[in-house]
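Report on the structure given below.
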Amino acid sequence: MAGDYLTNNPNFNAVMDTAGAAATKQYNNAMQGTNSQASMSGRYGSDAHQRMASDNSSNLATSLANTAGQYAYTNFANERQNQQNVANQAQNFASNNYYDAGQLAQAGNAQAGFNQAQLDADISRYDYNANAQANALNNYTSAVWGAPGGSQTTTTSSGGGK
């Protein structure tokens with residue numbers, strides 16, 4: 001993942017050789033044309049002939065350099081993408097390792113919720129039973145006297161118009 005084993009595509013050199021051969025063939029054709037033109041005009045070996053040959057050599061060098069740069073960059077970009085894909089796969093693998101633990105935690109949370117519901121029901125049952133005699137007596141008193149028992153009345157004053 002760190003890129004320690006990044007290497008060129010095994011076919012990279014073969015592609016470069018093919019591209020170089022094509023550029024060299026174009027150069028040879030251009031040189032034949034240049035030599036032929038110089039010879040026909042009586043300028044073979046002259047400074048003008050040398051400049052045209054130099055231009056052809058410069059064009060070959062530029063073509064080879066551009067092609068090599070383009071292929072090398074494409075190769076680097078592909079290798080970098082492969083490296084990124086491996087990193088993503090490793091991250092997904094690590095995430096998947098924790099999936100079961102996450103599911104177990106969710107099951108544990110559901111169990112804890114169920115246990116809390118049981119505890120709340122037990123508390124409600126205890127409160128009902130603890131207050132059952134007082135509620136029964138209050139209901140009996142209300143029925144005998146005709147008024148609810150245990151009620152309180154509270155009065156407040158507004159402060160006398162202050």
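Listing for the model above:
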item	result
Whole-Hz couplings from phi, Karplus 6.51/-1.76/1.60, listed for segment 22-39; x for Gly and Pro	5, 5, 5, 4, 4, 5, 4, 5, 5, 5, 4, x, 5, 4, 5, 5, 5, 5
Inter-probe distance in nm under a simple model that places probes 7 Å from Cα toward Cβ, at Ala143 and Gln32	12.5 nm
Nearest-0.05 FRET efficiency for Asn82 and Asp17, computed from C-beta distance (R0 22 Å)	0.40
Estimated FRET transfer efficiency when R0 is 35 angstrom, pair Asn115-Ala136 (beta carbons, to 0.05)	0.65
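Computed from the coordinates by the stated procedures, all read-outs in this text should not be read as laboratory data. Fair warning: this is a prediction, and the values are worked out from it, not measured in the lab. Note that we place each Cβ from the backbone using ideal geometry, even for glycine, and neighbour counts take in every protein chain shown.
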